[in-house]
Amino acid sequence: MDTILSVKNLKKTFDGITAVDGCTLDVEKGTITGLIGPNGAGKTTLFNIITGFYKPDSGEIVFKNKKIDQLPTYKITHQGLVRTFQITKALNRMKVIENLMLSPKKQTGESLIWPIFNPKKVGKEEEEIRDKAMELLEFFDLMELKDEYAGALSGGQKKLLELARALMTDPDMILLDEVFAGVNPTLSNKLLDYIKELRDDGVTFFLIEHDIPLVMEACQEVYVMSEGKVIAKGEPEEIKNDQKVLDAYLGVVHEG
Amino acid sequence: MAIGISYIISLLILFGIYAIFALGLNLEWGFTGILNFGHVAFFGIGAYSTVILNQMGVPIYIAIVAGIIIAGLFGVLVALPAMRLRGDYFAIVTIGFSEIVRYFMLNEEWLTGGPLGLRDFDIPLSFVPSQYYNIAMLILVLALLALTYLILKALINSPWGRVLKSIREDEDVSKALGKNVFRYKIQSIALGSAIAGLAGILLAFNHKYLNPNYYMPLITFYAWIIVILGGSGNNKGTILGALIFWTFMSLTRFSPGYLPISSTDLGALRMVIIGLLLIVLMMYKPEGLLGNKEELKLDI
Ligand SMILES: Nc1ncnc2c1ncn2[C@@H]1O[C@H](COP(=O)(O)OP(=O)(O)OP(=O)(O)O)[C@@H](O)[C@H]1O
Ligand SMILES: [Mg+2]
């Protein structure tokens, strides 16, 4: 299989705290790969670095055979790599539908000129974008809320909105930071089915998740992080029985 | 009534000019979330550029367009280095810039006429007989206000405006969704400043005279009062805010005869009253007159 994302020796220190400490991992194209680890292991920080929110102190990130570790976030998204946020960031004072319609790349109407000089073309594109947004709203059970302000949604609904918004960018790979947390089990299952469907269409998922049974069910491969390092990698069943992993979760300190 | 029509016309001209001026600020603050405390700089830059160019021989209509563009370019010039700062620091840089501009006008006499200002420049509509001049000016101002409003409306409702609003809400989301936030902020400032420039040019025509004193930081805060009064992020509200603000300003300007108070005291008193009215407004209708109450609840 092809590697779509490759992280080598990544390091990031925040005044004294080494959040990511020489992290190395590969994500295969067309898989759902998991990332687990205790609180504070550096998982979110890793996502922040991969998506350009932080510059790494050292190390290298390659996405689709292109070095991306020096690119600004928006350019990384244009490469087809998009993320969601652990702490949801709804665009509160925008309608739910507007939240989704924001996402698509290279919209003609995003320039200062075309909305004035070619409103027809912009309008037509808006129709298409709206249709696509409606499909996702329908799927995520958010249709009735489409004209509500995003700030009025519940925590779980905001999670769904984030995922839908990320999908609207038409990505090759999505980094999901605890997207299932706070979503009810029925919808969670439906979501997972949808993710698998997208995976079968070739989209790659890399997901941080604390719900181990869910990780077992969803992922072909799982990485375990602790104290900024990858301490284990393998199929879910192997990981579950790995002593180092159990120790990390129980807070056992390793010597040397 | 002796004061009747001509008084109302001159009031409406000022209303129109300040409505345009405040629409520029509302684009930056109300839709993009940029804290600009130096908006008056671009008001002045537009006016001085047009007048200076005209005095150098550039036909007035071309000088107007140039003045608008120059004001927009200065917006870019300030924003390029300063936009990387956090919002509050950016605000301080802009207020500093507006004072630098005013001191430049005061001191560089060779270009700006210094404290005496500039007069003797061409004025559009000069073919109109003088008894109708004010009404023609009013029509011009209101037409440009309508044009500014309509262009902004088309932009705000377009994908471009959607990106600006997302930046106002949370620029990390805009970035994560592939938007070049820095570029949009620069565009917002450029357009907001160009609009301020247009307003400044109109004010110069109205006074037929330019003077650095017209560009005190207080004028920036007139625009802030107008935007907050009407409800930030609402262009209709901004226009209504400008109308109320100038009605209030003119009514209180008239009173010296009736009140036992000097005109300087009156000027200060007006600001005190406006401050108090704003506080009351914020207590009972914090979203502004036309602001959306639903939106405001979401901030908490
Ligand atoms: N911007 C920052 N400034 C300072 N310290 C930070 C910053 N971001 C993360 N950290 C620190 O880095 C460490 C790793 O945090 P991170 O959020 O990546 O953990 P995590 O694995 O996502 O944990 P959780 O499962 O609780 O979400 C923590 O000690 C955290 O306090
Ligand atoms: Mg985290």
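The values are calculated or read from the model by the stated rules, or taken from the named source; none is laboratory data. Please read these numbers as outputs of a predicted model, since none were measured by experiment. Counting neighbours? That spans all protein chains shown, and the Cβs are built from the backbone with ideal geometry, glycine included. Heads up: the accessible areas ignore ligands, DNA and RNA and are worked out on the full protein's heavy atoms, side chains in. Shrake-Rupley method; radii C 1.70, N 1.55, O 1.52, S 1.80 Å.
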Practice task
Could you please find all residues in region B:170-183 being crowded, with 22+ Cβ neighbours inside 10 Å and either more than 9 Å from chain A (Cβ to nearest Cβ) or assigned to a helix (DSSP H, G or I) (or both)?
Solution key: B:Val173, B:Ser174, B:Lys175, B:Ala176
Handout entry: Count - residues of region B:66-83 that are assigned to a helix (DSSP H, G or I) and either modelled with pLDDT under 95 or open to solvent by less than 40 Å² (accessible area, probe 1.4 Å) (or both)
Key = 11
Exercise for the section: Would you mind stating whether B:Leu164 is more than 22 Å from A:Thr108 (Cβ to Cβ) and either at pLDDT 95 or above or touching a helix residue (DSSP H, G or I) at 6+ places or on another chain (Cβ under 7 Å) (or both)? Expected result: no
Completion exercise
Within region A:105-126, the residues that are on the phi < 0 side of the Ramachandran plot, surrounded by fewer than 20 Cβ atoms within 10 Å (Cβ to Cβ) and either part of a loop (DSSP other than H, G, I, E, B) or touching a strand residue (DSSP E or B) at 6+ places or on another chain (Cβ under 8 Å) (or both) are A:Lys105, A:Ser111, A:Leu112, A:Ile113, A:Asn118
Handout entry: Flag if A:Glu135 is away from ligand 2 (no atom under 16 Å from the Cβ), of a type outside the set (A, V, I, L, M) and within 9 Å of another protein chain (Cβ to nearest Cβ)
Key = no
Problem - Test: B:Lys165 is open to solvent by 20 Å² or more (accessible area, probe 1.4 Å) and touching a Lys or Arg at 6+ places or on another chain (Cβ under 8 Å) - result: yes
Problem - Residues of region A:199-210 satisfying the condition of being within 12 Å of ligand 1 (Cβ to nearest atom) and either open to solvent by 20 Å² or more (accessible area, probe 1.4 Å) or not assigned by the TED database to the domain that holds A:Leu46 (or both) - result: A:His210
Handout entry: B:Phe245 vs. criteria surrounded by fewer than 17 Cβ atoms within 10 Å (Cβ to Cβ) and modelled with pLDDT under 95
Key = no
Problem - Qualifying residues in region A:69-100 (those that are of a type in the set (Ser, Thr, Tyr) and closer than 25 Å to A:Ala181 by Cβ) - the one most open to solvent (accessible area, probe 1.4 Å) - result: A:Thr88
Problem - Some residue of region A:96-119 being under 23 Å from A:Thr77 (Cβ atoms) and more than 12 Å from chain B (Cβ to nearest Cβ) - result: yes
Exercise for the section: State all residues of region A:168-204 that are within 16 Å of ligand 2 (Cβ to nearest atom) and in a loop (DSSP other than H, G, I, E, B); if no residue qualifies, say none. Expected result: A:Glu178, A:Val179, A:Phe180, A:Ala181, A:Gly182
Handout entry: A:Leu187 being more than 16 Å from ligand 1 (Cβ to nearest atom), at pLDDT below 90 and within 17 Å of A:Glu138 (Cβ to Cβ)
Key = yes
Completion exercise
Scanning region A:1-58 for residues that are in a helix (DSSP H, G or I) and open to solvent by 10 Å² or more (accessible area, probe 1.4 Å) gives A:Lys43, A:Thr44, A:Thr45, A:Asn48
Handout entry: Residues within region A:35-68 that are among the small types (Gly, Ala, Ser) and within 13 Å of ligand 2 (Cβ to nearest atom), tallied
Key = 4
Completion exercise
Selection from region B:146-169 of residues at the interface with chain A (Cβ under 7 Å from one of its Cβ atoms), among the hydroxyl-bearing types (Ser, Thr, Tyr) and in a helix (DSSP H, G or I) yields B:Ser166
Practice task
Return a yes/no flag: does region B:122-129 have any residue that is assigned to a loop (DSSP other than H, G, I, E, B), among the charged types (D, E, K, R), out of contact with any strand residue (DSSP E or B) (no Cβ under 9 Å at 6 or more places or on another chain) and more than 14 Å from chain A (Cβ to nearest Cβ).
Solution key: yes
Exercise for the section: Write out, first by first residue and then by second, each pair whose Cβ atoms fall under 6 Å of each other, whose residues are 6+ apart or on separate chains, and whose first residue, in region A:30-52, is near ligand 1 (Cβ under 7 Å from one of its atoms) while the second is β-branched (Val, Ile, Thr). Expected result: A:Gly37/A:Val224; A:Gly42/A:Val20; A:Lys43/A:Ile208; A:Thr45/A:Val20; A:Leu46/A:Val20
Exercise for the section: Kindly check whether there is at least one residue in region B:30-42 that is within 24 Å of B:Phe221 (Cβ to Cβ), among the hydrophobic types (A, V, I, L, M, F, W, C) and open to solvent by 40 Å² or more (accessible area, probe 1.4 Å). Expected result: yes
Practice task
Run A:Cys23 past the list (1) more than 14 Å from chain B (Cβ to nearest Cβ); (2) more than 13 Å from ligand 1 (Cβ to nearest atom) and report the number of the one that doesn't hold.
Solution key: (2)
Handout entry: Residue in region B:193-213 that is closer than 30 Å to A:Glu126 by Cα, away from chain A (no Cβ under 14 Å) and open to solvent by 40 Å² or more (accessible area, probe 1.4 Å) present
Key = no
Practice task
Could you please give the count of residues in region A:127-154 that are part of a helix (DSSP H, G or I) and open to solvent by 30 Å² or more (accessible area, probe 1.4 Å)?
Solution key: 13
Problem - Any chance A:Asp69 is away from ligand 1 (no atom under 16 Å from the Cβ), more than 23 Å from A:Lys132 (Cβ to Cβ), part of a strand (DSSP E or B) and more than 8 Å from chain B (Cβ to nearest Cβ) - result: no
